[in-house]
Amino acid sequence: MSLNRNRSFKFDWITIILFLLLVGFGWLNIISASSSGEITSYFDIDQRYGKQLVFILFTFALIILVLSIEAKFYERFASIIYLASILSLIGLFIFGKTVNGATSWYGIGGFTLQPSEFAKFATALAVSKYISDLQTNIKTVKDQLKTALIIFVPAFLILLQNDAGSTIVYAAFFFVFYREGIPQIYLLLVLSIVVLSVLSLKFSVLPTAIIATILIFLHHFFIKKKKGTILNPIFISLICIAFSFGVHFFYSNILQPHQQDRISLWLRLEKDPEKLEQMKRTILYNLNESEKAISSGGVTGKGFMEGTRTIGKFVPEQDTDYIFSTVGEEWGFLGSSMVVILFVLLLIRILHLAELQKSQFSRVYGYAVAAILFLHFMINIGMVMGLIPTIGIPLPFFSYGGSGLWGFTILLFVFIKLDSNRINEW
Amino acid sequence: MRKLLLFSIIILVGFTFIGRLFYLQVYNSKTYSLYEDNAIRKVFDYPKRGYVYDRNGELLVANQPSYDVMIIPREVEPLDTLEFCSLLKITKEDFKTKFKRAYTYSPRLPSPFVPQLSKADYAALQEKMRKYKGFYIQKRSLRDYQTTIGANVLGFIAEANQSEIDADSYYQMGDLIGKQGIETSYEKDLRGVKGVKFIQKDRFNRDIGPYKDGIFDTIPIAGHDVTVSIDAQLQAYGELLMQNKVGGIVAIEPSTGEILSLVSAPSYNPNLLVGRERSKNYTKLHNDSIHLPLIDKGLLRMHEPGSPFKSLVALTALQEGVLDINTTVTCQHGYVYGRNGRKMACHCGGGVRNLNSGIAQSCNAYFATAYRKTIEKYDDASHAMDVWSSHIKSFGLGDYLGYDLTIGKKGNIPDGAYYDKWYPDFRWQATTTLSNAIGQGEVLVTPIQLANMTAAIANRGFYYTPHIIKSIEGKTIDTAYTTKHQTTIDKRHFEPVIEGLFDVYNKGTAHFLQVPGIEICGKTGTAENFTKIDGVRTQLTDHSIFIAFAPKDNPKIAIAVLVENGYFGARFAGRIASLMIEKYIKGTITRTDLEQWVMERTLEHEYDKPFSGKPFGINANSKIMLVEEYERLKKLEVNQSQTILK
C-alpha cells in the first residue's frame, strides 16, 4: 500500500517540464507582444502580460487541484462533467457575451470565461468513457454513431456561436477512433473527402470527376482481386461526382465571404493581380505582416523585446492567435524551431504514455489529448506561416488568455494524473 | 499500424514547419537593415555643405536654408486643397499630378511634393502645416552663390536621380547631390555625413518613440570647406572679355598645374540653378542650341590645334635629331611635295627660315620639312609614326588628362596603327599625313589640353595634371595632382623653341599684342571648321586660337584661348590671352586699347550665319562687327518681321 501511495506521486516529469518550458517561453513572448516596449512591473494587472502572469499562477493552483483529485473521479464523473459542459455551452445563447462576432464568453466581473475551451476536455472524457465501456464496440455502426453524437453536440453548439475555428478542433477525435479500431474504410473516406474537396475547388468539377472515375475503374480492373459487379465502381464514381458538386455548392453558397476568400487565397484561385493586391491589403493583411515579422527575424532573431514589428504592433492579434510571429521575429529560426521541436516532443511523449496505459479509458483519453493539442499546434502555426488557410484558434500554452490556458492545462494534467495512476489499475 | 498514423503525422508536420521556417527566415531572408525596416521611421538631419573659396580666400559658394514640402501619400487625409494650393502657389491640376507621382513612387515613403520653398512661402505655410495630415516640411541646405562667375567650374547641386540613388545607398529620394563641376568632383568632401534618427512606428504609421532610446542615432557631420585654384578676379575678367563670343579660356599655373581660370563663354549666373525656378532656367539654358551655355567649352570643345601644335613638331624633330637650330628651309610660299607636285600653301611671306623664324612667322614649309624628316627617319612609316605619337602624347594630348572635373574629351593624336587601319591597302608615308605637321589633319585637342601643353613647354619638359582643387579643409589633395609628369623631350631642346615663341611676340605674328614689362611667349593658331547646313558641309569662319605663357623665365601662367569663328589667332584669342596675362601678373590693365577693342566687338553675327538661311561670307569676306551695330541690326530685323506680320 505504501508503495502504491508513493507510486501515485510518480508523475511524468518529462511532460511537466515540456509544459513548463512552453508556458514560460509563451509568457516571455506575450510580454513582447503586449507591452509597448517598456515594462514598469511584471505584475501590472492593466497589461496583458501582467494578467497572463496571474493566469499562470492560478494555473499552478489548478494543477495541484487536478492532481490531488482521485484518478477514478474523472472516469466516474465523465458523463456529469460532459453534461455540465454542454449546459454551459447552451447557456451562452442566453447569457453569452459577443467578442469579434463569436458569442463564446461569459462575463464575470472584469473577467471573461470561454466555456468552449473546457468543452474539449469534457468531450475527451466523455468519449473515453463511452469507448472504454465494456458494452461498447466501436466496430459497430450503432456505437460509431453514438460516439459521433457525443462529439457532434458540443461541436455544433460551438459552430452556432460562430466560432468555426474551435469546431474544426473536434475533427481531432478521428485520430482517436482510428486508433481504437474503426474500419479502415473511414480513413479512406476522410482522405477521399480531403483530396476531392481540394481538387474540385482548385481544378473545378469536371477534371476532378474524370480523374476520380479513371482511378476508381483502374482500381476495379487491375488491383482489386475479388471482382464484384461493374455497378460498384459506377456507383462510387457517381458519388464522387455528386460530392464534387456538393463541395462547390458548399463553397459558393454556404461559406461566408471571408471564409471563401481565405480558401481562395490558400488554393491560389484568384488570378486577377489587381484583386489579389487588394486582398493582400485587406484579408491577407494579418498573414502578410506575420510572415514579414517571421522573415525579418533571420537566423538568430532580433532579441527579446527588440522586434521592431512586434513593438510597432504591425501584426494584429499578435499576443493571441499570432503569438508565433513574435517568436519568429525576436528569436529567429533557432528559437522558433525550438518551439516546434518542444511541441513535437510533448505530443510524442503523450502518445507514448497513452500507449503504455493499461486501462482503455486512460489510453483513449491520452490519445484525445495528443490529438486535440496536435490540431491546435498544426492549425495555428501553419496559419501564422501561411501554410494553411486562416483559422483563428490559439496556440496551446502560448497564446494570451486564461480560459485557453486553463482548458489546456486541465486537459493535459488530467492525463498526467491518469498516467501516474496506471500502476494502481486493476 | 494504427498506432503510427498520428505519430507519423506529428513528425511530418514538425519537419514541414521547420522547413517552412528555414525558407522564411534563412533562405528567403535578407540581412536585416534598420534602413530597410519599414517599422522604423528614419528622420534625417542634413549637415552644412562645405563652402567653396577661391585661391585668394574669397568666398564663392555658401549655403541658404530651403524648405521642401514632403508628402507621405498614404497618410494624407481629405484637406482644403484650394487653400493648400494657394499657399504652395500651385494649381489644382499640379496638386493632382504631384500627388499621383508621389503615390507611384511609394504610398508609404516620403517624397518631395513641392521642393525648395522660399523663406516667405515657408513662413506662411508653417502655421497651417499641422492641418494637412501626410505633409511635412523638410529643411535642407541649398547653395547660395556669392558670385556670378564660374558657373561651369562651381557646378550645381540638384535632387539625386534614381540611378544615383541605386548606385549609392547614402542617398534617398529628395536628397541633393552634386551634378556638375566641383560639386560632383568633391561631392563626398563637400556633403559631409547626414545625421539620422530612428523612430519606432506602429502599424498606423504613428511614431511611438525613439528606437532603442536612440542608441543608433547619429548627429550630422559638416562637410569640408574647399578651396579651388581659380582666381576669382581673373575668372571674372575672362568672362567679361568673352562676352558676345563663344569659346573657352584655360589658364594654368605651370609650376603646380593649378587651374587659374576656366572660362566657358557664354556663361550664366550660377544662382539661376538654385531654388524653385531651377528647372525652368535649366531648360532654358539647355535649349540654347546656338551658344550651348551648359557645355564647358574649355573642356569639351575638340578642334584642330592649328599652329600652336608646331612647337611640339619642332621639339619632336629636335629630340629625334633630324633637325638642329641652324637647319634652314627655303619657303616658296608653300611646300611642294609628292610626285604630282602638290603644294601646302604658306602665308609667312617666303624666304629662308630657321627654327626661330619658322616659329615666329609660323612657316608651314619649315614644319612640313621637320615633320617629314621625323617620319622618314625610320624605314617603317608606321613605326616612325608611333615614335612621333608617343612624344606628342607625353604632353598630355590624345587622352583624358585626368583632371578633377568629371567631363572631358580624349582628343586625338594618330599613331601608326591609326593610319594602317585607315589605309589598309596603301603604303602610306610621311607626305600622306603631312597635315599633322601644322596641327591639322587628324590631330584633335581640347583647350585644356592646349593649356597643359603650353604649361609643359613653359616648364621646359614637365607638367602637373591640371586640377581645380587647391586644398580641402582637414585633408590633403590627391597625389595624382602633385606628381610630376616628365615629357619625352630633353630639357635642352626647349630653349630654342621658347626663344621662337618669344619672338612671336617680339617680331612675329603677335608683335602688336606685346604687354610692356612682361616677357610673353605665345603662338597664334587658326582652325578651320565646318558645319552641316541642310546636309551640305559648309565652312564657317575659322576659330581663333592662341596659346601663351609668361614670364619667359619662371613662368607664372600658361594659357590657351579658343574663340569660335574669331578668324585668325591674333585677332581675338591673342588679344584676350595678352590681357589675361597682364591682368594676372600685374593686376591692372595697361593695354586698354586691346581691352576696348575686344569688349566692343561681337561675334554673334557669325553664330547666326548657319541659322540665317541666307548665303554668307567667311574669314576675310566676313565683316567684323561692333556690339552696337549688331544690336541695331537685330532691332531692325525684329521690326521688319513685325511689319511683315502686320
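The values are calculated or read from the model by the stated rules, or taken from the named source; none is laboratory data. Computed from a predicted structure; not experimentally measured. Every residue, glycine among them, receives a Cβ derived from its backbone with ideal geometry; neighbour counts consider all protein chains shown.
In this structure, is A:Ser79 in the same structural domain as A:Ser362 (by TED's automatic domain parsing), out of contact with any strand residue (DSSP E or B) (no Cβ under 7 Å at 6 or more places or on another chain) and part of a helix (DSSP H, G or I)? Yes: the conditions hold for A:Ser79.
Does A:Gly297 count as closer than 20 Å to A:Leu395 by Cα, over 25 Å from the mean Cα position of the chain (by Cα), small (Gly, Ala, Ser) and assigned by TED's automatic domain parsing to the domain that holds A:Gly332? Before the answer, list the steps.
Numbers: closer than 20 Å to A:Leu395 by Cα: yes; over 25 Å from the mean Cα position of the chain (by Cα): yes; small (Gly, Ala, Ser): yes; assigned by TED's automatic domain parsing to the domain that holds A:Gly332: yes.
So A:Gly297 passes the test.
Would you pick out the residues in segment A:310-324 that are farther than 18 Å from B:Phe204 by Cβ and within 12 Å of another protein chain (Cβ to nearest Cβ)? Steps first, answer last, please.
Taking segment A:310-324 first, the residues farther than 18 Å from B:Phe204 by Cβ are A:320-321, A:323-324.
Listed by number, the list holds a single entry, A:Phe324.
Taken over segment A:31-67, the criterion of being under 17 Å from B:Asp202 (Cβ atoms) and either of a type outside the set (S, T, N, Q) or surrounded by 20 or more Cβ atoms within 10 Å (Cβ to Cβ) (or both) is satisfied by A:Ser32, A:Ala33, A:Ser34, A:Ser35, A:Gly37, A:Glu38, A:Arg48. Residues that are touching a residue at least 12 places away in the same chain (Cβ under 8 Å), farther than 17 Å from B:Ile290 by Cα, assigned to a helix (DSSP H, G or I) and of a type outside the set (S, T, N, Q) within segment B:585-619 comprise B:Ile585, B:Lys586, B:Leu594, B:Glu595, B:Trp597, B:Val598, B:Met599, B:Glu600, listed in sequence order. Residues in segment B:402-420 that are out of contact with any strand residue (DSSP E or B) (no Cβ under 6 Å at 6 or more places or on another chain) and farther than 16 Å from B:Thr465 by Cα: 8 in all.
Residue check: is A:Val176 under 16 Å from A:Lys139 (Cα atoms), out of contact with any strand residue (DSSP E or B) (no Cβ under 9 Å at 6 or more places or on another chain), surrounded by 20 or more Cβ atoms within 10 Å (Cβ to Cβ) and of a type outside the set (S, T, N, Q)? So A:Val176 passes the test.
Of the residues A:Ser336, A:Ser362, the single one that is at the interface with chain B (Cβ under 10 Å from one of its Cβ atoms), buried (at least 21 other Cβ atoms within 10 Å of the Cβ), more than 30 Å from A:Gly107 (Cα to Cα) and polar (S, T, N, Q) is A:Ser336. Considering only segment B:1-59, state which residues are of a type in the set (Phe, Trp, Tyr), part of a loop (DSSP other than H, G, I, E, B) and either at the interface with chain A (Cβ under 10 Å from one of its Cβ atoms) or in contact with a Lys or Arg (Cβ under 8 Å, 6 or more places away or on another chain) (or both). Answer for segment B:1-59, where residues must be of a type in the set (Phe, Trp, Tyr), part of a loop (DSSP other than H, G, I, E, B) and either at the interface with chain A (Cβ under 10 Å from one of its Cβ atoms) or in contact with a Lys or Arg (Cβ under 8 Å, 6 or more places away or on another chain) (or both): B:Tyr32, B:Tyr46.
Each residue in segment A:124-145 was checked for being touching a helix residue (DSSP H, G or I) at 6+ places or on another chain (Cβ under 7 Å) and either at pLDDT 90 or above or buried (at least 22 other Cβ atoms within 10 Å of the Cβ) (or both), and 9 of them qualify. Filtering segment B:517-531 to residues that are more than 17 Å from B:Ser311 (Cβ to Cβ), in contact with a Leu (Cβ under 8 Å, 6 or more places away or on another chain) and not hydrophobic (A, V, I, L, M, F, W, C) leaves B:Asn529, B:Thr531.
Do you know which residues across segment B:414-443 are assigned to a loop (DSSP other than H, G, I, E, B) and closer than 22 Å to B:Cys346 by Cα?
As a first pass, look at segment B:414-443 and keep what is assigned to a loop (DSSP other than H, G, I, E, B): B:414-415, B:423-429, B:439-443.
B:Gln429, B:Gly439, B:Gln440, B:Gly441, B:Glu442, B:Val443, listed by residue number.
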